[in-house]
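FYI, it's all coordinate maths here, none of it is from the lab. What you are looking at is a predicted structure, and each value in this text was computed from that prediction instead of being measured. Cβ coordinates were reconstructed from backbone atoms using ideal geometry, including for glycine residues, and neighbour counts include every protein chain displayed.
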Amino acid sequence: MERERIVHITNLVKSFNGKRVIDGISFSLYSGENLVLLGKSGSGKSVIVKCIVRLMEPDSGMIQVFGQDISTCRESELAAIRTRIGFLFQEGALYDSMTIRENLMFPARRNARLRKLPEKELQEVVLQHLESVGLSDAIDKMPAELSGGMKKRAGLARSLMLSPEMIIYDEPTTGLDPSTGDSINQMILKIRGEYNPSSIIITHDIKCAKVTGDRMLVLHGGKIIAEGTFDELKEHPDEEVLLFFNH
């Protein structure tokens, strides 16, 4: 039985100032899968996901998300696709002037489905998602009162408010100490267990890739130079791939 493709990319090309950052990349993300894009800084990982949500226009190639060619989507169709995608930014991207409760309420009040809920039920949804990421005690704190790891957890709880079918994690462990990074990795697995989203995890952290990823794509020079599980790739003959495993 063929698995459902949530994202399907064919021959993606993107250049900046005449330099190809993405050079003919093709891959798919399947339903319920945690797919890791592993690469050094500047390898094009973030460019790929910005193209997926059309924050950036590729030079050429095709991107299908939930079966739709996003290059031909009208703004209303694109907005509908984006509401089905959760995005965990590197810094959490919280609104500094709002409490954590208010940060989670903000997208909910702009969502047609959630804004129909009575206030009490909406507050219960907020608490439920904060409990999912272990932050219920911080519900009325300001972002400035949270550690880096807590901000990432709060950012993820906010993205869960819209029940995303797909989540993009942008360098989820960057800037965190090893213990906090481990807890974020476990949280990603917990979210998969509870909500079963399809996920793309952008990272250069091999431990994050090993713990969270079902399948890994290694990027170098704008191309995918290797694909497989952690165990398959640690035996790979390419030296650029093995650099990640030799730290």
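Computed quantities for the displayed model
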{"read-out": "Among beta bridges that DSSP assigns inside the chain, antiparallel share in %, nearest 5", "value": "55"}
{"read-out": "Cβ-placed point charges (K, R +1; D, E -1), dipole of the chain about Cα centre in debye, nearest 20", "value": "660"}
{"read-out": "Over the chain: helical MRE at 222 nm, DSSP H runs n ≥ 4 each giving -39500 (n - 2.57), nearest 500", "value": "-10000 deg cm²/dmol"}
{"read-out": "Ascending count of other beta-carbon atoms within 10 Å, so fewest first, for ASP205, ASP231, ASP59, ASP23", "value": "ASP231, ASP59, ASP23, ASP205"}
{"read-out": "Average Cα contact separation per residue, segment 197-247, under 8 Å, 6 or more apart, as relative contact order %", "value": "24"}
{"read-out": "Mean separation of Cα contacts under 8 Å, 6 or more apart, over the residue count of the chain: relative contact order %", "value": "26"}
{"read-out": "Distance from segment 1-26 to segment 185-202 (C-alpha centre basis), Å", "value": "23"}
{"read-out": "Computed E for ASP96/ASP177 - FRET, C-beta separation, R0 22 angstrom, nearest 0.05", "value": "0.45"}
{"read-out": "Selection from ALA209, LEU189, GLY134, by position along the positive dipole direction of the chain (Cβ)", "value": "GLY134"}
{"read-out": "Taking segment 107-222 and dividing mean pair separation by its residue count, relative contact order in percent (alpha carbons under 8 Å, at least six apart)", "value": "23"}
{"read-out": "Fewest-first ranking of LYS40, LYS14, LYS210, using other Cβ atoms within 10 Å as the exposure measure", "value": "LYS40, LYS210, LYS14"}
{"read-out": "Hits among lysines - C-alpha to C-alpha of LYS234 under 21 Å, sequence gap 8 or more where chains match", "value": "LYS40, LYS45, LYS207, LYS210, LYS223"}
{"read-out": "Loop trypsin sites (Lys or Arg not before Pro), segment 69-142, which have at most 14 other Cβ atoms in a 10 Å radius of their Cβ (DSSP)", "value": "ARG74, ARG109, ARG110, ARG113"}
{"read-out": "Estimated dipole of segment 61-134 in Debye, rounded to 20 [Cβ of Lys and Arg +1, of Asp and Glu -1, Cα centre]", "value": "300"}
{"read-out": "Selected from MET166, LEU243, HIS220, residue furthest toward positive end of dipole (segment 165-247; charges at beta carbon)", "value": "MET166"}
{"read-out": "Lys, Arg +1 and Asp, Glu -1 on Cβ, resulting dipole of segment 103-247 about Cα centre, debye, nearest 20", "value": "800"}
{"read-out": "Cα-Cα separations in the chain greater than 31 Å, expressed as whole percent", "value": "24"}
{"read-out": "Exposure proxy ranking, count of Cβ atoms within 10 Å, fewest first, for SER97, SER15, SER132", "value": "SER97, SER15, SER132"}
